[in-house]
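One structure is given here, and the rest of the page talks about it.
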Amino acid sequence: MKRTVYAADKVGFHILHTLFQTSMKYDRIHRFDEYFVTSLIVDGGACAGVVAMNLRGGTMVAIQGKATILATGGCGRVYEFTTNGFIKTGDGMALAYRAGVPLKDMEMVQFHPTCLPGTGILITEAARGEGGYLVNKDGERYMQRYLPSKMELGPRDILSRAMIQEMKAGRAFEGPYGLYMGLDLRHLGAKKINERIPMVRELVEKYMGLDPIHELIPVRPGQHYIMGGVSTNGKGETTLPGLYAVGETACVSINGANRLGSNSLSECLVFGAACGLAAAGFAKKKASYPRGAAAREALKKEEARVFDGVLGRERAKETVAGLRVEMQQLMERDVGIFREESALADACGMLGKMRDRFAAVGLADKDRVFNTELTAVLELDFMLDVALAIAHSARNRRESRGAHSRTDFPQRDDANYLKHTLAFRTDGPPRIDYVPVTVTKWQPVERKY
Amino acid sequence: MAASDVVFRVKRYRPESGGRPTFQEYTIPYRSDMVVLDGLNYIKDHIDPTLTFRWSCRMGICGSCGADVNGQPRLTCGTYVRDVHKGAVTVEPLSNFPILKDLVVDFDDFLRKLASVTPYIVRKDWGDLTKEYVQYPEDVEAYRQQSLCINCMLCYAACPVFGSSPEFVGPAASALALRYNRDTRDEGADARLARLNTRTGVWECTFVGECSVVCPKDVDPAAAIQTLKFLATMRHMRRLLMPGSSSR
Amino acid sequence: MPMTSREYAWKRRPGWWLRNRRYLMFQLREAGGVICALYGLVLLNMLVQLRAGESAYTAFLDLLRTPPVLYLNVVLFALVVWHALTWFMLIGKAQPIQFTRQPLPWKVVFGINVLLWLGVSGAVVYLIFGGI
């Protein structure tokens, strides 16, 4: 059985554009381009749509719907160094979280070992699959110290951790963006590089100004994916009737504590279809559109919160860019590849304080039309919620499993932690709870290479 | 201005203040590896949070950060300041589009044009949907180039024909039409050629070729349009000479 | 729906074709087409002069041999060559020529067309002048 399908080295790109273009076939699909969702509408214990800001018109609108699907992707921007785009701020996760839906397994954050320093551009696994070496500043293939049986073909989490250990041991290169390791493709030769991994060469030439045929590619680990997300079942249903989540936003738990390459795309195809069918079925069964009262009330509340509240705050010492960078650096340092109790405790405390400081973030741009400073503030608001859920989930899991690596608890502890973390939002720190793992065909065994 | 600084001249338009677009100058620290987008973000984060522009992936794949840099449409994430730095870097919204705010332009018209070329596979009979539609590598190669478009709209900003006749379907939408016409699974070629053989279709193109020069993904829309002119002519002749012939 | 009333409509600048060299070359090519068509009228006029008698025809030929007209010919010839080359560059892209799995690169098609053009021109010159 094949685990995934390919469209050269641009699988996600082609899925995205084919989906977008094919959506034009159906005139019943009404796109709201450049609307920024600020809140879900909850009516009588069910999701009844969203409140969104129309960026071009500068107005707030309520969009009612019998079923709502969150498909906002991941939350990589809570970290300083990520392969994710600027818009990956965990909005969907935070929206569901605020509506009372738990976030599952948020401590499970995947770091990809080979990203370009500075930009975070991802150098695909294929570079190592085709025979690329990872080397330290002495030119040594250092993976022989950590995973001699697999070397560079080891899993992402082990490669990322090995990089950090090499850096700590003083065997890394030093550049304008900090420490980095070398990805060596030179022995593959021009022909193989051009035929098998042309995109790698293109990206490195364009965004690093280096030619991998003749030079080492500087790489370092970066946040890439979050296995956790809005807790859903296999049909994308959340605990809130009428609310669905899919893709990286959701956590169906097919990725466990460590995702395999390409599974996120298979996940989108398989659970995207399942979720769409479930949501359509739900909407069909629902007799009428939701009553308007809840939507009107939610709209009024959001207008007051966003336009009168957030937009009304005068710019002062606390800025959105400043607080965002502080949060990102904190997450990188204390809730990153290696974690331990004192750093996590510190991060939880600091993030709590940032939550309070956020109330003092003021804005210079007072326009309602296309105010990207305002959307940045609202995104930071979402990211702080998500970061708190990640930090607290990580602090409470006192073991190492998959991508979650605790230096103070280096062993996996199935007796106590063979279970999913659930984070619930409260007015204070998140409430952490657990649910059992459903074990079917494959019994958990020790991870060995 | 220190030697390690660079001046960004950025065109500003504030819809809520009215008036005409004006230039504003910012002096920012220069690094040899900075791209134009880095400069804009430096301004946004450290000098002027009101400066408004779109961006996301900063690796030339999302297609949202296009702007005219020193008069030429470019992706700001893929344009090094060191390559365009001639005293100052001038950044303006993409030409030929209405300005919403600062560097943000209205792309609705472009999306309508994409939709107008039926940019999806058309079939009378889909057959067994559980089976794969097999394509050989050369089948994919036939349309691969046109399928790499990222909808960044630089080609529209570069097209003087689009600048003077806004109804022209334009480069990216035409290339997309050719992408589907060359797909062995598709049966909608005839309708697409009919749409492109109109007053707003491919015949508007006078082959300036600038669309292909600015394209960051080497889609070569200019060549796609000339191919479509040829195909549209062949279709027309076939219909004239053999009225009863099949559509493909 | 977005409020479009506050958008700033884009206006094309009058000197847009001076913005870069390629726009300028395009304008030259297009203008060259018009000028070449006008020159066609000059050649038609040659027939009119021929019909008017030998002296009129000789006078017209003498006029064509004056330096300003010769310079004009050089310029027009350059424009025609430029026009032709731009279309040769296009042929391989617009109608890919395929003998094997991979279509011929456009540069090869361009080269073949240039060679064919030179060959045909040579043949015409030979036919008319019986050698160069």
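The values are calculated or read from the model by the stated rules, or taken from the named source; none is laboratory data. Given the structure is predicted, the values throughout are model-derived calculations rather than measurements. When we count neighbours, we look across all protein chains shown, and the Cβ atoms used for this are built from the backbone with ideal geometry, even at glycine.
Which residues, counting only those in the range B:6-28, are within 13 Å of chain A (Cβ to nearest Cβ) and more than 26 Å from the chain's Cα centre (by Cα)? Within the range B:6-28, B:16, B:17, B:18 qualify. Checked against the criterion of being surrounded by fewer than 13 Cβ atoms within 10 Å (Cβ to Cβ) and closer than 26 Å to residue A:366 by Cα, the candidates A:309, A:281 yield just one match: A:309. Taking the criterion of being surrounded by 13 or more Cβ atoms within 10 Å (Cβ to Cβ), of a type outside the set (Asp, Glu) and under 30 Å from residue A:61 (Cβ atoms), the residues of the range C:1-60 that qualify are C:2, C:3, C:4, C:6, C:8, C:10.
Of the numbered criteria (1) over 30 Å from residue B:47 (Cβ atoms); (2) touching a residue at least 60 places away in the same chain (Cβ under 8 Å); (3) under 22 Å from the mean Cα position of the chain (by Cα), the one residue A:302 fails is (3). A single entry from B:158, B:88, B:142 fulfils the requirement of being touching a strand residue (DSSP E or B) at 6+ places or on another chain (Cβ under 8 Å) and either of a type in the set (Lys, Arg) or at pLDDT below 95 (or both): B:88. Within the range A:397-418, the residues that satisfy the criterion of being surrounded by fewer than 17 Cβ atoms within 10 Å (Cβ to Cβ) and not charged (D, E, K, R) are A:407, A:410, A:411, A:415, A:416, A:418.
Taking residue B:132 as the residue in question, decide whether it is surrounded by fewer than 24 Cβ atoms within 10 Å (Cβ to Cβ), in a loop (DSSP other than H, G, I, E, B), without any contact (Cβ under 8 Å) to a residue 12 or more places away in the chain and within 11 Å of chain A (Cβ to nearest Cβ). So residue B:132 fits the description; yes. Take the residues in the range A:74-110 that are surrounded by fewer than 23 Cβ atoms within 10 Å (Cβ to Cβ) and of a type in the set (Gly, Ala, Ser); name whichever of them is farthest from residue B:45 (Cα to Cα). The extreme case among them is A:100.
Here is a yes/no grid of residues against (1) in a loop (DSSP other than H, G, I, E, B); (2) outside the structural domain of residue A:386 (by TED's automatic domain parsing):
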{"position": "A:241", "(1), (2)": "yes, yes"}
{"position": "A:256", "(1), (2)": "yes, yes"}
{"position": "A:276", "(1), (2)": "no, yes"}
{"position": "A:284", "(1), (2)": "no, yes"}
{"position": "A:318", "(1), (2)": "yes, no"}
{"position": "A:323", "(1), (2)": "no, no"}
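When we screen B:148, B:111 for residues that are under 16 Å from residue B:216 (Cβ atoms) and either surrounded by fewer than 24 Cβ atoms within 10 Å (Cβ to Cβ) or touching a residue at least 12 places away in the same chain (Cβ under 8 Å) (or both), the only hit is B:148. Only one of the numbered conditions (1) without any contact (Cβ under 8 Å) to a residue 12 or more places away in the chain; (2) facing chain A (nearest Cβ under 9 Å) is violated by residue B:121, and that is (1). Taking the range C:1-118 and the helices (runs of 4 or more DSSP H) fully enclosed by it, the elements with 2 or more residues that are at pLDDT below 85 are at C:21-52, C:67-94. Scanning the range A:1-25 for residues that are part of a loop (DSSP other than H, G, I, E, B), at the interface with chain B (Cβ under 10 Å from one of its Cβ atoms), farther than 14 Å from residue B:176 by Cα and over 22 Å from the mean Cα position of the chain (by Cα) yields A:5, A:8, A:25.
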